[in-house]
Structures are given as C-alpha cells and as structure tokens.
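Structure first, then comments.
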Amino acid sequence: MKIVFMGTPEFAVPSLMSLYEKGHDISLVVTQKDKPKGRGKKMHPTPIKEKALELGLEVYQPDSINSTESINKIKRLSPDCIIVVAFGQILKREILKLSKYGCINIHGSLLPKYRGAGPINWAIINGESKTGITVMKMDQGIDSGDMLLVEEIPIDEEDDAESIHDKLSILGSRLIVEALEKLENQTIVKVPQRDDLASYAPKITKETGKINWDSTGEKIKNLVRGLKPWPCAYMNYKGENVKIHKVKVIEKFSKEGYGVVVKVSDKGICVNCHDACIVIEELQFPGKKKLQVSEYLRGNQFDTNIKLD
C-alpha cells in the first residue's frame with residue numbers, strides 16, 4: 001500500500017518501522033519542524049525525522065499541513081492511505097479526503113474515553129486500571145471517528161506514563177499493520193463511537209504537576225506516576241519547585257496537617273496528605289540531577305515540621 005506517514009515523537013517511531021518492515025511504500029514522511037533544545041539551543045530533528053532519514057525516506061516539514069503547498073504535494077503522490085500518529089497538527093477536511101482509505105490514526109486510549117492530547121497521562125492520573133490503543137478513521141472532530149481496531153492492556157501498580165507509553169507504542173505498531181491488511185481485504189469492521197461516553201484528556205503542562213497535599217495519597221501517587229518522565233509532579237520547598245519522581249503511600253503516623261513534613265530519613269521524606277502519608281523516595285532540585293533521598297541527604301538537609309506549598 002502506498003502511504004503518507006505523519007508523526008513526530010518517539011511514540012510514532014515503532015509504527016513507522018512496522019510499516020516499513022512490512023514492505024509498504026512509504027512515499028513521504030511528514031513531521032514537525034526541528035526545535036532548539038538544551039542550553040546551547042541547538043536545533044534537533046524530531047524522532048520521526050531521524051528514523052525516516054535513517055531508512056532513506058523523504059521527509060517533509062511544513063509550517064502547516066493544511067497549506068495549499070502541502071495539500072498539492074500529498075495530492076501528487078496519490079496515496080492509498082495517510083497514517084497519523086501523534087503528528088501535532090489538526091488536519092482539515094481536504095487532507096482527510098486525499099487518499100483512498102482516508103486518514104487512519106493510532107490513538108493511545110480506549111476511545112471514546114480520553115480523546116485529546118494527553119490520553120496516557122490522564123488515564124494514570126485518574127487511576128484507571130486499563131488503557132489501550134484505538135486505531136480509528138479520522139473525521140473533523142477530536143478523536144471522534146469510527147473505530148477500526150481496539151486492544152486493551154492493564155495499567156499495573158508500578159506502571160507510569162513512560163512504561164505505558166512504550167507498551168502502547170509497540171501495540172500501536174502491530175495494530176496499524178493489521179488494520180491496513182483488513183482494509184485491503186475489505187474485512188475491517190467500522191464501529192461508531194458513543195459520544196455520550198466520551199471524556200477529554202487535555203494537553204499536559206508543567207502546571208499540571210503541582211501537588212495538592214490536601215488530596216488523597218492515592219491521587220498524589222497517581223499524579224507522580226502519570227507525569228513521569230515529563231513534566232513531573234512537583235512541590236515547592238523554600239521557594240524552589242522540586243520535582244518528585246517516585247513516592248509510596250503509607251498510613252499516617254502523625255497528627256500534623258496536610259503538606260507538613262513529619263519525618264526525614266534515608267527511607268524518604270514523609271509528608272502528610274488528606275488521608276495518608278506520602279513518602280518521597282526520589283526527587284530533583286532545579287538544575288540538579290535526579291537523586292534518591294538517601295543520596296540527597298548525604299550532603300544536604302531537608303527540614304521537618306514545615307508546610308510545603
């Protein structure tokens with residue numbers, strides 16, 4: 001099948017690889033512009049651009065995929081299908097109708113739940129016990145098109161956004177190949193989504209990670225898991241936003257109010273929350289590397305009996 005592939009982050013790379021290894025004719029790879037990174041603000045290509053160039057594929061990085069130039073470029077290729085995986089731009093109707101089979105999207109949730117930009121993060125933050133991949137035919141709504149294939153995986157107690165991201169990216173790469181085979185064989189079953197069951201997963205920002213110590217222990221733990229490795233949950237300690245990478249929840253052993261640091265030891269920093277005690281096991285101060293609390297305490301102090309913001 002002749003394919004135009006649209007994707008940007010690491011999540012999309014396994015799908016590009018699967019389609020390439022299966023022998024599909026990937027005539028064009030569309031991705032976002034290179035962006036400056038690091039202290040030197042050196043320009044870096046997207047993960048999809050790096051992989052596409054490694055495979056010898058043509059890469060296209062338009063300012064807007066909906067421009068006349070972009071539309072004409074894709075139209076000249078006459079693709080059978082356009083595959084979209086975390087591309088990062090909204091496609092207008094004209095793009096959606098440019099190929100024989102339309103635009104097929106790999107979405108990291110069990111639609112119609114968690115439509116939007118942050119499905120993996122919000123599923124974990126909200127304490128879901130399962131998630132999955134939905135392969136869908138795109139329409140002009142936000143992740144609202146007909147479902148072609150759906151497969152779920154459990155969210156285990158120790159999973160975080162990073163581990164679920166990796167599991168779903170591999171699952172998506174398998175399902176997209178299966179979906180294209182069924183489209184070609186005309187055995188695909190399109191299932192409309194129920195809008196009344198839909199929920200939205202908005203884009204994650206740094207501010208999403210601010211811990212509310214009046215929350216339950218489970219909610220705080222899920223926030224930490226759901227925002228790892230980026231942007232990370234954080235607390236304010238003496239005017240600095242300190243990232244928290246790992247916590248556990250234990251029973252309260254002190255009557256102090258929520259947000260109060262009740263104990264500090266090599267085992268962790270104990271902070272009261274609404275119904276429990278949060279033990280911070282890994283943290284990261286601004287401009288510093290991530291450390292176990294035991295490592296941090298070798299050369300630093302962390303005050304007790306203070307209330308965290």
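The values are calculated or read from the model by the stated rules, or taken from the named source; none is laboratory data. Everything numeric here is computed off the predicted structure, so don't read it as measured data. Virtual Cβ from ideal backbone geometry, glycine too; neighbours counted across all protein chains shown.
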Query raised in the report: Among the residues of the range 206-216, is any under 16 Å from the mean Cα position of the chain (by Cα) and more than 30 Å from LYS243 (Cβ to Cβ)?
Result: no
Query raised in the report: Yes or no: GLY88 modelled with pLDDT under 95 and either closer than 17 Å to PHE5 by Cα or of a type in the set (S, T, N, Q) (or both)?
Result: yes
Report task. Just give me the residues in the range 1-44 being assigned to a strand (DSSP E or B), at pLDDT 95 or above and either at positive phi or not hydroxyl-bearing (Ser, Thr, Tyr) (or both), in sequence order. Result -> LYS2, ILE3, VAL4, PHE5, MET6, GLY7, ASP25, ILE26, LEU28, VAL29, VAL30
Requested in this report: Considering only the range 210-226, state which residues are in contact (Cβ under 8 Å) with a residue 12 or more places away in the chain and not in a helix (DSSP H, G or I).
Outcome: LYS210, ILE211, TRP213, ASP214, SER215, THR216
Report task. Could you check, for the range 62-74, whether at least one of its residues is within 22 Å of SER169 (Cα to Cα) and either in contact with a Lys or Arg (Cβ under 7 Å, 6 or more places away or on another chain) or of a type in the set (S, T, N, Q) (or both)? Result -> no
Report task. Tell me, yes or no, whether the range 250-259 has at least one residue that is touching a residue at least 24 places away in the same chain (Cβ under 8 Å) and under 30 Å from VAL84 (Cβ atoms). Result -> no
Report task. Please tell me if SER70 is surrounded by 13 or more Cβ atoms within 10 Å (Cβ to Cβ), modelled with pLDDT of 95 or more and not basic (Lys, Arg). Result -> yes
Query raised in the report: Can you tell me which of SER144, SER163 is of a type in the set (Gly, Ala, Ser), under 20 Å from the mean Cα position of the chain (by Cα), in a helix (DSSP H, G or I) and surrounded by 15 or more Cβ atoms within 10 Å (Cβ to Cβ)?
Result: SER163
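If a residue must be surrounded by 13 or more Cβ atoms within 10 Å (Cβ to Cβ) and assigned to a loop (DSSP other than H, G, I, E, B), how many such residues does the range 74-99 contain? Lay out the reasoning, then the answer.
Going residue by residue through the range 74-99, those that are surrounded by 13 or more Cβ atoms within 10 Å (Cβ to Cβ) are 74-75, 77, 79-89, 91-92, 94-96, 98-99.
From the residues that got through so far, the ones that are assigned to a loop (DSSP other than H, G, I, E, B) too are 79-80, 86-89, 91-92, 98-99.
Selection size over the range 74-99: 10.
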Report summary line: The number of residues in the range 248-276 that are out of contact with any helix residue (DSSP H, G or I) (no Cβ under 6 Å at 6 or more places or on another chain), within 20 Å of ASN236 (Cβ to Cβ) and in a loop (DSSP other than H, G, I, E, B) is 5
Query raised in the report: What are the residues in the range 190-209 that are in contact with a helix residue (DSSP H, G or I) (Cβ under 9 Å, 6 or more places away or on another chain) and outside any loop (DSSP other than H, G, I, E, B), if any?
Result: TYR200, THR208, GLY209
Query - Meets criteria (among the aliphatic types (A, V, I, L, M), under 18 Å from the mean Cα position of the chain (by Cα) and more than 30 Å from LYS307 (Cβ to Cβ)) for ILE170 - result: yes
**Report entry** Selected residue [under 22 Å from GLU184 (Cα atoms), assigned by TED's automatic domain parsing to the domain that holds VAL177 and either in contact with a Gly (Cβ under 9 Å, 6 or more places away or on another chain) or among the aliphatic types (A, V, I, L, M) (or both)] from LEU110, LEU53, LEU57, LEU96
**Finding:** LEU96
Requested in this report: Please enumerate the residues belonging to the range 260-302 that are touching a residue at least 60 places away in the same chain (Cβ under 8 Å) and not assigned by TED's automatic domain parsing to the domain that holds ILE244.
Outcome: PHE302
